[in-house]
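Enquirer: Before I ask anything, let me first share the structure, which is written out below as structure tokens.
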Amino acid sequence: MREISQILSVIEPTAEAQPALERAAYVARHSGAELELFICYYNEYFTRDWLFDAPSLDTTRKELIEGQEKFLEELAAPLRSAGLSVRTSVLWDRPLHSAIARHAAAIGADLVFKDTHRQSAVSRALFSNTDWNLIRTCASPLWLVKPGPWPDKPVFIAAIDPMSEHDKPAALDDDILVVAELMAKAAGAEVHAFHAYDPRLVLSAATANAYIPVSLPLDEIGERMRKQHGKRFDEIVRFHRIDAARAHLVEGAAHEELPKLAHELDATLVVMGAVARTRLERLFIGSTAERTLEHLPCDLLIVKPPWFQTDEA
């Protein structure tokens, strides 16, 4: 993605506040993109013909859809008055994540915005099953929004893996940084780059495969890994013209260090890549990444490899 021309904002029809819409409108306003407000509505009680006859069902569903369309138009009106190009759409479809992924692909959305449900007392992002399925299946960059005001000086963190330790295509790191920079330009944000390496993984792998106890110099391994990872990390950071003060190469587990850095920087958004093994396999989020995402104190933007297409039928 080299520009933002089409934004899809998923609207929660039963929610009073619409944080995702606020973020989407902000980016649309600063990028000049067209904004679409989208509701996917489905009620199984108005699908079963043993409760109603066919004409009654059709009439009821039509009235429900019209009610949602009216609601979207009410949300769109002040945005249009402010000069944004806004359209609305309502679909009767399920499951929600499949409908969103299909519709985003159909309209060629450059960005999809969706609310996360709520925050707990420990500031964890509580992702629903719909959120996790969207992370895995939505081809468009997916911005999951937590409730809260947008700061005057946003801070974005691009989490990259230049060593491709998790079977992630190397080109995805460039895509992550390009998207982060593009979003930052539209939001007036500062971009930081992050990468974590963990020498303990080498030690545990060696001891797990040894028939006798193994003693390894952890400090030496750590220094060697820092040089190897640092070389690749510095190359991509310099290419994207990110100052050294905003480049964070950290020793430790990513699922611990990334949320820690996000707290320290008071980050507004973390940009991450979805993990993929091959083009023939479905994208997935591993257990380490899941722990990372759940503990982030800010919005999350998930980027897919350019070749990825949703397999939701």
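Enquirer: Order the peptides 180-192, 144-156 from the highest to the lowest mean number of other Cβ atoms within 10 Å of their residues. Walk me through the numbers on the way to the answer.
Expert: Numbers: 180-192: 19.5, 144-156: 16.2.
Listed from highest to lowest mean packing, they are 180-192, 144-156.
Enquirer: Taking amide hydrogens as modeled 1.01 Å from N in the peptide plane, which residues meet the under 5 Å criterion relative to TRP92, leaving out close sequence neighbours?
Expert: TYR41
Enquirer: Taking 0.36 nm per residue of sequence separation and subtracting the Cα-Cα distance, how much length would be gained by fully extending the chain between LYS153 and ARG241, in nm to one decimal?
Expert: Numbers: separation 88, 0.36 × 88 = 31.68 nm, distance 1.96 nm.
The LYS153-ARG241 span can extend by a further 29.7 nm.
Enquirer: Please arrange LEU79, LEU177 by accessible surface area, largest first, computed with a 1.4 Å probe and ligands excluded. Walk me through the numbers on the way to the answer.
Expert: Numbers: LEU79 25, LEU177 0 Å².
Putting LEU79, LEU177 in descending order of accessible area: LEU79, LEU177.
Enquirer: Using 0.36 nm per residue, how much length does the chain from GLU3 to ALA17 gain when fully extended, once their Cα-Cα distance is taken away?
Expert: Working: separation 14, 0.36 × 14 = 5.04 nm, distance 2.83 nm.
Full-extension gain reported as 2.2 nm.
Enquirer: Something else: Sort GLU220, GLU44 by heavy-atom solvent-accessible area, probe 1.4 angstrom, most to least. Display every interim value, and only then the final one.
Expert: On the way: GLU220 100, GLU44 75 Å².
Largest accessible area first, the list is GLU220, GLU44.
Enquirer: Enumerate the amide H contacts of VAL270 below 5 Å, restricted to partners 5 or more residues apart or on another chain; note that Pro and chain-start residues carry no placed amide H.
Expert: ILE157, ASP299, LEU300, LEU301
Enquirer: A follow-up question, please. Name the residues whose placed amide hydrogens come within less than 5 Å of the amide hydrogen of ASP115, ignoring near sequence neighbours (fewer than 5 apart) on the same chain.
Expert: Those lying under 5 Å, H to H, from ASP115 are ALA20, VAL145.
Enquirer: Something else now. Which residues does the label zone of ASP93 cover in the stretch 1-45, counting backbone N under 12 Å from a point 7 Å along Cα→Cβ?
Expert: 38-42
Enquirer: For each pair in LYS146/LYS185; LYS153/LYS227; LYS114/LYS304; LYS114/LYS185, compute the distance between the two Cα atoms and list the pairs where it is over 27 Å. Don't skip to the answer; put the middle values down first.
Expert: Values: LYS146/LYS185 21 Å; LYS153/LYS227 33 Å; LYS114/LYS304 16 Å; LYS114/LYS185 21 Å.
In this structure, LYS153/LYS227 exceed 27 Å between Cα atoms.
Enquirer: Continuing with the same structure: Under a plain spin-label model, where a point goes 7 Å from the Cα along Cα-to-Cβ, how far apart in nm are TRP307 and SER81?
Expert: 5.0 nm
Enquirer: Under a plain spin-label model, where a point goes 7 Å from the Cα along Cα-to-Cβ, how far apart in nm are SER56 and SER128?
Expert: For SER56 paired with SER128, the spin-label model returns 2.9 nm.
The values are calculated or read from the model by the stated rules, or taken from the named source; none is laboratory data. None of these values were measured; they are calculated from a predicted model. Note: ideal-geometry Cβ built from the backbone for every residue, glycine included; neighbour counts use all protein chains shown. The area values use the complete protein model at the heavy-atom level, side chains included, leaving out ligands, DNA and RNA. Shrake-Rupley method; radii C 1.70, N 1.55, O 1.52, S 1.80 Å.
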